[in-house]
Amino acid sequence: MSSSQSQSPRKRKRTSFISPRRILIIAQSTITQLVRMKIFYFLAPIAALFVGIQFFDAPWYSGPEASQPQQELQMHKNLCLGTMMLFSSLFAIVSTALLIPRDIEDRTLYTILCKPVPRLDYLIGKLLGVMTVIFIALAVMDLILVITLHFRTESVLADVEPYLQNLGWTEPQIQQTLDRIRAHGPSLTLQYGVLAYFFKASVVAAVALLISTFSSSTLFTIASSVMIWIIGAVQNIARQGLFDRGGLAEDTGPIAKVLATLVSLLFPDFQIFDSIADSAARAATITPEQMLTLGGFTFLYLAIYTVLSWFVFSDKEF
Amino acid sequence: MGPLPKIIVVFLGLTAAGLTKMSHEQKFTEELREAGLAPPVLKAEQWAQMSQNGLAGAFGGLRSVLAFFKSLEAHGYFENQEWYRLKTSYKLITSLDPYNPFYWEQGSGHLAYNAASWARSQRDQPEKKRLSIEREYLEAGDEMLREGIRYLPQDAGLWAEIGRIWSHPLKRPDIPRAAEAWKNASELSDNPVYHRNYFYALARIPGREKEALNLGIELLEIYPRNLTIPNFRSVLWALYQNPLLPLDMRKPTLKQLFGSKKRAYRDLYNYWFRIQDDQYYPGDVEADLRQLIIDLKVPFAFNPFLSPRQRRIPASWWKE
């Protein structure tokens, strides 16, 4: 009697639809899993590259008499941000593609799914784990970028200031030029660029997660995700054609129009992330509202791909 | 549910989500483009120019990085004097990174200075052909900068580069074109160099001398340091001698403008050659020089009417 009394409330207690605690535990285990794959070792050559870029200079940027000394800094930022984007996106694809097959191989997946863990929690946890590792890796790279850029900015300023003084420029003119150069140093705008690439890598990871839920081959997941990553960078061209009266819409045939429509509907637009990061490297003005909108798009993409991944994964048998 | 129905549902789901997001994506892209943050859409011919590597770079969101490496490649074309390849390469570079003024300036500089000088130096070609090719490259340099201004309308530096091309004494000066460019540059920037160059260009256009004088007086009020610049003093002095000016107009004396007679002689001596070589406004500078030669008992060697041109009058003489 007493045992049946204690059983009934336990029976009534149902597993919640989504649990942040469970998600965090799975994310934590994913981080451990990824760290054990020694992915952070990649940061060593990247750090060496960033420091090496410090000494790399195109001949026409050199010297204080260069027409736009800030170009040297912009080149530095472009190369570093480009490396960060490549690393984060490729890492997002490869690590996400490996996670579910690795869990099946290790039989960890069976242990998790035989417990009352909803599959949505499992997928969100995995995605969150990958995103966290990407965030840490980008934060380390960002720190190296900021340090190297700071020293390079100081070196350019030290070259330019006495040169302008010798030219007889007035103090306000010199300050104006130095401020223009300083704007290309470490700044909040530069951080917006790094954040944009983090958003992009998160979306790429979500896409790879969706593919890995129905794919039986890791290679297929990686190849397909890379293709989507590339198509996403030109998705806006296909979409532009649909919105542009007199442009692609007028010039192309029905097949091209159907293709453009499909590309616009099915793929994410990665150009918006790249545009923000490129503008950050140019020290252009990026408003917090624009970053919020970009964050909103990231959330939308993550939601779409996670829900669809859940749908595919929900009754998958292993 | 089998795998095929699942894929169909995913496809439908993506389509439904796509229908919702598409217009928002387009709106945000337009907003970024308006703010000069998103690149303009590449034209079909620009896509055709890209190599496979180029396409990969542009696709992968590495447009700026690719533009930088392409500019390194273009430097090789400059060294090998492959001007056509250089020009097409810069068209691609600027389409990859159109909001970077550096590439517009650098590409235009290669065309209007390096390629144009190369064309001029081809002595084995008929003169007419040389001139035509030189002009073609000058125009290409100008065109590249104007294209850049379409993307960067607030960039005074690009207008200034056009002004430099058309007021360069060793090229094919076109002063009205230069004046238009310097005017635009000076409207966009407080840089006194742009303002002075507009003043110099205006002073060299027949019929616009009064306008130039008014600008010179205004520039002197805004930035008195202009008076320390010999060319500025000389042009202003010559413009004050315009016979069309009202008789009651207050004009500065030679000493007020130049500080001393010897300094005035040094400045006007140099200006005299500018009148000969670059068609600066002559005013009465010749008469002034002749008068100063008598007053200062100028040595024969520094007399432009009797002896060959000196590179410059030594400071030891005019600083006495």
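Per residue of A:173-185, other chain Cβ atoms within 10 Å of the residue Cβ number 1 on average.
Computed from point charges on the beta carbon alone (+1 for Lys and Arg, -1 for Asp and Glu), the dipole magnitude for chain B about its Cα centre is near 880 Debye. Computed 3J(HN,Hα) for the stretch A:159-167, one whole-Hz value per residue from the Karplus formula 6.51 cos²θ - 1.76 cosθ + 1.60 where θ = phi - 60°, is 6, 6, 4, x, 5, 5, 4, 5, 6, glycine and proline marked x. Projecting the Cα atoms of B:Phe302, B:Ile133, B:Leu12 onto the charge dipole of chain B (Cβ charges, centred on the Cα centre) puts B:Phe302 farthest toward the positive pole. Placing unit charges on each Cβ (+1 for Lys and Arg, -1 for Asp and Glu) gives the stretch A:212-303 a dipole about its Cα centre, and among A:Ala223, A:Ile255, A:Ile237 the Cα reaching farthest toward its positive end belongs to A:Ala223.
Calculated FRET efficiency, B:Asp190 to A:Leu188, Cβ-Cβ distance, R0 = 22 Å: about 0.25 to the nearest 0.05. Full extension of the chain between A:Leu219 and A:Glu289 yields a length gain of 21.3 nm, computed as 0.36 nm times the residue separation minus the alpha carbon distance. Overall shape: oblate for the stretch A:160-253, with the ratio a/c of the largest to smallest alpha carbon gyration tensor axis at 1.5 or above and b/c at least equal to a/b. Take each residue in A:293-302, count the other chain C-beta atoms within 10 Å of its C-beta, and the mean is 2.
If the label point is 7 Å along Cα→Cβ of B:Thr228, which residues in the stretch A:147-173 have backbone nitrogen under 17 Å from it? Under cut-off, by backbone N: A:162-173. Sites count as exposed loop sites when they are GluC sites (Glu not before Pro), lie in a DSSP loop, and have at most 14 other Cβ atoms within 10 angstrom; the longest stretch of chain A without one is A:66-316.
Considering only lysines 8 or more places apart in sequence, or on different chains, count the pairs in the stretch B:53-169 whose C-alpha atoms sit under 24 Å apart.
The result is 4.
On average, how many beta carbons from a partner chain sit within 10 Å of the beta carbon of a residue in A:206-214?
For peptide A:206-214, the averaged partner shielding equals 1.
Working from label points 7 Å from Cα in the Cα-to-Cβ sense, the B:His168 to A:Tyr110 distance is 7.7 nm.
Of the peptides B:12-22, B:203-213, the ranking by mean beta-carbon count within 10 Å, highest at the top, reads B:203-213, B:12-22. Placing +1 on the Cβ of every Lys and Arg and -1 on the Cβ of every Asp and Glu, with nothing else charged, gives the stretch B:53-169 a dipole about its Cα centre of roughly 200 debye. With Cα atoms defining each centre, the stretch B:246-320 and the stretch A:174-195 are spaced 48 Å apart in the structure.
Candidates B:Leu152, B:Pro169, B:Ala185 compared by Cα position along the dipole of the stretch B:132-190: farthest toward the positive end lies B:Pro169, with charges placed on Cβ. For the pair A:Asp179 and A:Leu167 in one chain, pulling the backbone fully straight at 0.36 nm per residue adds 2.5 nm over the alpha carbon distance.
Each reported figure results from applying straightforward, stated rules to the coordinates on display, with no laboratory input. What you are looking at is a predicted structure, and each value in this text was computed from that prediction instead of being measured. FYI the Cβ positions are ideal-geometry reconstructions off the backbone, even for glycines, and counts take in every protein chain you see.
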